[in-house]
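The next block holds one structure in the form of structure tokens; read it before the comments.
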Amino acid sequence: MSWLWGALLALTVVAVSYKLRFLTLSGAVVAFMMGWIVFGFGQFAFSIVMLFFFFSSSLWSNLGSAQKVKLTTNAQNVNQRDAWQILANGLVPTLLLIFWFNFQESIFILLFLISFAAATADTWATEIGVLSKSEPRSILGFKKVPRGTSGGITILGTMAGFGGSVAIVILGLFLFSTFLPFPFTWQNALLAAVLGLTAQIFDSILGASFQAKYQCLKCKRICEEGKHCLGAGTELISGWKWMNNNVVNFLSVVIAVFVGWLVAH
Ligand SMILES: [Zn+2]
């Protein structure tokens, strides 16, 4: 795709997403740049994989948003992605695509798909899992935890994550084996799907262990961000301050890609 068409397509997608309130303004700016790079450098196959991740995740985010508002601290942003959230999931695949463009080695196609399998698994698991009727349990020790707690898992969320990973990998297998000059094998697809699920598990483990958790000084609820009730402070009760949800997502994508690279070698 030419750069001009890439820019126009990215602008269209981002404008529609902003209008639908899938993105904050900062999220829209970053998503535009990322979209431009992927549409411009990549071929149609890469672009479709990225769009599938983005639109499926945004749609799931909007599912049951009234219920989600109760669980999150920042009601306004409950289903709008900001720049950091976009970067957490999209930076690694964008870099991999630039590598692929420069080196034309098929390993980067596999790693690109792994990174999106990981991001899709995480996002679907979070957005769908939070709507589970059963109470989540911590991935470490299986103790019951309040809904929305990082590291809490449900059967619904785990199945959703696996479904997301498999769905994007099947799409990738079809697109990459049809439209690219490299043989993209079913073994590659299987590896990507498994690593998507692995990343989701890793995400939950990090969420349960090192991710920062705060308690609101007013309502005493546990929250992920340093802000909760208006005008009241929060206190860090566990985890590391810098290890927020975006860092956890970013790290799980990086780990999945790294393991994929090791296995493929
Ligand atoms: Zn509060």
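Observations on the structure shown:
- Filtered residues of segment 219-234 (kept if of a type in the set (D, E, K, R) and within 25 Å of Ala88 (Cβ to Cβ)): Arg221, Glu224, Glu225, Lys227
- If the condition is being of a type in the set (A, V, I, L, M) and over 30 Å from Phe112 (Cβ atoms), then segment 123-154 contributes Leu140, Val145.
- Residues of segment 196-214 that turn out to be touching a residue at least 60 places away in the same chain (Cβ under 8 Å) and open to solvent by 10 Å² or more (accessible area, probe 1.4 Å), as a count: 10
- Matching residues, segment 141-155, being out of contact with any Cys (no Cβ under 9 Å at 6 or more places or on another chain) and either surrounded by 13 or more Cβ atoms within 10 Å (Cβ to Cβ) or over 19 Å from Leu197 (Cα atoms) (or both): Gly141, Lys143, Lys144, Val145, Pro146, Arg147, Thr149, Ser150, Gly151, Gly152, Ile153, Thr154
- Among residues of segment 225-260 being within 21 Å of the chain's Cα centre (by Cα) and among the polar types (S, T, N, Q), the one that is least open to solvent (accessible area, probe 1.4 Å) is Ser252.
- Taken over segment 174-190, residues that are among the aromatic types (Phe, Trp, Tyr) and without any contact (Cβ under 8 Å) to a residue 40 or more places away in the chain amount to 2.
- Test: residue in segment 133-150 that is of a type in the set (Ser, Thr, Tyr), over 24 Å from Phe46 (Cα atoms) and modelled with pLDDT of 90 or more: yes
The values are calculated or read from the model by the stated rules, or taken from the named source; none is laboratory data. Nothing here was measured: the structure is a model prediction, and the numbers come from that model. Because the Cβ atoms are built from the backbone with ideal geometry, glycine has one as well, and the counts that use them run over all protein chains shown. Surface accessibility is based on the protein's heavy atoms, side chains included, excluding ligands, DNA and RNA. Shrake-Rupley method; radii C 1.70, N 1.55, O 1.52, S 1.80 Å.
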